[in-house]
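Novice: First the structure, which I've put down as structure tokens, then a few questions once you've had a look.
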Amino acid sequence: MDSGASPHDIEHRATAPSDLSPRRCAAHGCKNLTQRSARNGLSETLCKRHVEFRRRHGTHWRRSYTMAELGPFQTAARRWLKAHQADLNLAQVVAALNGLLAGSGTARSAQDARWAGTEEKVRNALARLHEAGKSGEQLLLITLTVKATQSALGPRANPEFQYVQIAKMAHRLASGTHVRSALYGTFSRYPRAEGAFMRLLGQTIEDIAGIVADSEAVREVVEAGGRHER
């Protein structure tokens with residue numbers, strides 16, 4: 001997509017006839033037309049349903065991990081971190097993640113952030129985590145959990161899926177804005193946890209946490225998680 005394209009230009013391209021002959025969605029078993037062939041979007045490989053699925057999960061064919069899938073590896077990752085808490089490298093990575101949270105500024109409400117750009121949404125998500133008292137160690141635990149789960153369950157070699165799963169776990173720690181009113185009670189607003197900002201949020205966290213959550217650490221957590229399942 002051209003960085004200078006206006007919303008009008010994008011809308012026009014999405015609904016204009018495709019230069020290609022009609023094509024079917026590349027998702028296995030899907031018989032829908034691609035977005036471009038159906039004239040309801042820009043994708044020339046996926047239909048609208050699978051484009052939206054990818055926005056939510058980070059891949060067009062694998063749903064996000066359930067807590068039942070993550071649980072054994074989260075337990076193993078927590079034990080791994082406890083066993084390595086004296087490691088200087090681990091302490092430095094946790095400090096860097098704490099710095100990432102502390103340097104994120106003041107959080108905006110979920111309603112205000114809804115219309116923000118991708119990078120601002122990432123900053124705001126980190127700010128909300130910081131204001132909620134979450135720590136760099138928790139972000140490292142999430143990263144190690146997701147990477148071990150992906151190593152064991154797949155899909156492998158799919159960094160976009162990995163980033164989205166990291167972001168989803170982090171996002172659950174502090175996502176909504178909760179307003180209390182004597183007249184109306186408590187009502188909550190939650191930003192949509194999907195799209196480019198989730199990929200960037202996960203990548204931002206993994207760029208730092210991955211220094212410790214490397215292939216050796218992931219292998220050890222996978223082995224321990226497998227023993228825990230049995």
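We did not get these values from a lab; they are worked out from the coordinates using the rules stated. What you are looking at is a predicted structure, and each value in this text was computed from that prediction instead of being measured. Cβ coordinates were reconstructed from backbone atoms using ideal geometry, including for glycine residues, and neighbour counts include every protein chain displayed.
Novice: Could you tell me the relative contact order of region 40-125? Use alpha-carbon pairs under 8 Å, at least six residues apart, and round to a whole percent.
Specialist: Values: 27 pairs, mean separation 10.7, N = 86.
Relative CO of region 40-125 lands at 12 percent.
Novice: Shifting gears a bit: Based on alpha-carbon atoms only, what is the radius of gyration of region 64-172 relative to the globular estimate 2.2 N^0.38 Å?
Specialist: 1.13
Novice: Anything over 20 Å Cα to Cα? Flag those among Lys48/Lys121; Lys48/Lys168; Lys121/Lys168, in the order listed.
Specialist: Details: Lys48/Lys121 24 Å; Lys48/Lys168 22 Å; Lys121/Lys168 14 Å.
Too far apart for the 20 Å limit: Lys48/Lys121; Lys48/Lys168.
Novice: At a 10 angstrom cut-off on C-beta neighbours, averaged per residue, how do the peptides 118-130, 204-216 rank from highest to lowest?
Specialist: Values: 118-130: 21.0, 204-216: 19.1.
Peptide ranking by packing, descending: 118-130, 204-216.
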